[in-house]
Amino acid sequence: MKKTTLYIGDDLIRKLKEETIRENQSMTDIINRALRKYLEDRRKTPKKFENLKKALGKSAVLRKISDPVEYQRKLRSEWE
């Protein structure tokens, strides 16, 4: 494990100290756990949007729209 320097605001330091007492763990352990979780979540996020992209790609209506702004104007004109 490498040693590094982090600049952390006073409010976060206070919360981290409270967490070290509550969890009975070192600040280093808590920060490492939080960073691992953050990085894991970041890797998972693009996969969530892949399903949305696939669904939108299959939508027949969206494939037919060449100009989205014009399509929106047409829809709004129907409301009037």
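The values are calculated or read from the model by the stated rules, or taken from the named source; none is laboratory data. Predicted, not measured: the structure shown is a model, and the values here were computed from it. Cβ sites come from the backbone with ideal geometry, for glycine too, and all protein chains shown count toward neighbours.
Some points to look at:
To keep it simple, each residue is scored yes or no on (1) surrounded by 10 or more Cβ atoms within 10 Å (Cβ to Cβ); (2) not charged (D, E, K, R).
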{"site": "THR4", "(1), (2)": "no, yes"}
{"site": "TYR7", "(1), (2)": "no, yes"}
{"site": "GLN25", "(1), (2)": "yes, yes"}
{"site": "LYS47", "(1), (2)": "no, no"}
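- Flag for THR20 being assigned to a helix (DSSP H, G or I), of a type in the set (S, T, N, Q) and modelled with pLDDT of 90 or more: yes
- Pairs are defined by a Cβ separation below 7 Å, a sequence spacing of at least 6 or placement on different chains, a first member in segment 18-39 that is free of Cβ contacts under 8 Å to residues at least 40 places away in the same chain, and a second member that is small (Gly, Ala, Ser); the pairs so defined are THR20/SER26.
- Criterion applied to LEU62, LEU52 was being hydrophobic (A, V, I, L, M, F, W, C), at pLDDT 70 or above and assigned to a helix (DSSP H, G or I), and the one residue passing it is LEU52.
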